[in-house]
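A short write-up of the structure that comes next.
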Amino acid sequence: MLTASECPSCPGCQYDDIAVVRDALEYLTGLLPPPARTEFRRLLTGLDTQFRRRTLPDPDPSHWHDWSGSPYPWWHRRLYSGI
């Protein structure tokens, strides 16, 4: 079961939140050289497919944007606590 972190400010348990982990993976993807980036993207595509299958879209649009109005990445707009 996927669960959101209960204390996201804690350095260790922030990675209990799958969206934070996915943020880190996205960041790391940009640091890879092109051949490795392509292969890593292929791996992430499979993981993202599983994540979409195991979660639900968040129906509340107020959760879709940050304080500046910028949209969160799609993985932040999924419901996964209690599923």
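The values are calculated or read from the model by the stated rules, or taken from the named source; none is laboratory data. Computed from a prediction, not measured in an experiment: that's the story for all the values here. Neighbour counts are summed over all protein chains in view; Cβ atoms, including those assigned to glycine, are modelled from backbone coordinates with ideal geometry.
Among the residues of the range 27-83, write down those that are among the aromatic types (Phe, Trp, Tyr) and either at positive phi or touching a residue at least 60 places away in the same chain (Cβ under 8 Å) (or both).
Initially, the range 27-83 is screened for residues among the aromatic types (Phe, Trp, Tyr), giving 27, 40, 51, 64, 67, 72, 74-75, 80.
Scanning the range 27-83 gives a single hit, Tyr80.
Has the range 55-62 got at least one residue that is in a helix (DSSP H, G or I), under 13 Å from the mean Cα position of the chain (by Cα) and over 13 Å from Arg78 (Cβ atoms)?
So in the range 55-62, the residues in a helix (DSSP H, G or I) come out as 61-62.
Keeping just the survivors that are under 13 Å from the mean Cα position of the chain (by Cα) gives none.
Taking every residue of the range 55-62 in turn, none turns out to be in a helix (DSSP H, G or I), under 13 Å from the mean Cα position of the chain (by Cα) and over 13 Å from Arg78 (Cβ atoms).
Identify the residue in the range 14-47 that is under 13 Å from Tyr80 (Cα atoms) and not β-branched (Val, Ile, Thr) and, among all such residues, is surrounded by the fewest Cβ atoms within 10 Å (Cβ to Cβ).
Within the range 14-47, the match that is surrounded by the fewest Cβ atoms within 10 Å (Cβ to Cβ) is Asp16.
What residue, of Ala24, Ala19, is touching a His at 6+ places or on another chain (Cβ under 8 Å), at pLDDT below 95 and either of a type outside the set (A, V, I, L, M, F, W, C) or part of a helix (DSSP H, G or I) (or both)?
Ala19
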